[in-house]
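So the structure is just underneath, and the comments pick up after that.
The values are calculated or read from the model by the stated rules, or taken from the named source; none is laboratory data. Because the structure is predicted, anything quoted here is derived from the model rather than measured. Ideal geometry is used to build each Cβ from the backbone, glycine not excepted, and the neighbour counts take in all protein chains shown.
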Amino acid sequence: MKNKEIREILMNNEVVFTVKGITEYGKNEEDTWCQIPKRFKTRSYKEEGVTSIYEELGWHGMNINKFGPTCVTLYTFDILGKKSVGKIKYEDVTIIEE
């Protein structure tokens, strides 16, 4: 997929996806424990006007600041109010399911 297509999918749908290089310890298809790609999910809260990216099976996530031409910019605040920023390049995203 091209960057523009991935950007449109992430902006307009709740999808499950992986990011190249981000893994977790879990079971693969052969039921063997190893490092597998971590799955993320987009969530949209229309009432608050916020779209977020979360771990598919967890509570950890970041809010989306903007969808740029080459990457999505994320932010979150820690317990003391310190802001953290991150970026995900569209070329590193693999869409699993919409």
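Summary table below
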{"item": "Tally of residues being among the acidic types (D, E) and touching a residue at least 24 places away in the same chain (Cβ under 8 Å) across the range 1-54", "result": "1"}
{"item": "Any hit, the range 1-17, residues being surrounded by 10 or more Cβ atoms within 10 Å (Cβ to Cβ), polar (S, T, N, Q) and assigned to a strand (DSSP E or B)", "result": "no"}
{"item": "Odd one out for K41, checked against (1) surrounded by 13 or more Cβ atoms within 10 Å (Cβ to Cβ); (2) in contact with a Pro (Cβ under 9 Å, 6 or more places away or on another chain); (3) basic (K, R)", "result": "(2)"}
{"item": "Residue in the range 68-87 that is surrounded by 13 or more Cβ atoms within 10 Å (Cβ to Cβ), in a strand (DSSP E or B), free of Cβ contacts under 8 Å to residues at least 40 places away in the same chain and in contact with a helix residue (DSSP H, G or I) (Cβ under 7 Å, 6 or more places away or on another chain) present", "result": "yes"}
{"item": "Identity of the residue in the range 52-67, exposed (fewer than 12 other Cβ atoms within 10 Å of the Cβ), out of contact with any Phe, Trp or Tyr (no Cβ under 9 Å at 6 or more places or on another chain) and modelled with pLDDT under 90, that ends up farthest from T23 (Cα to Cα)", "result": "W59"}
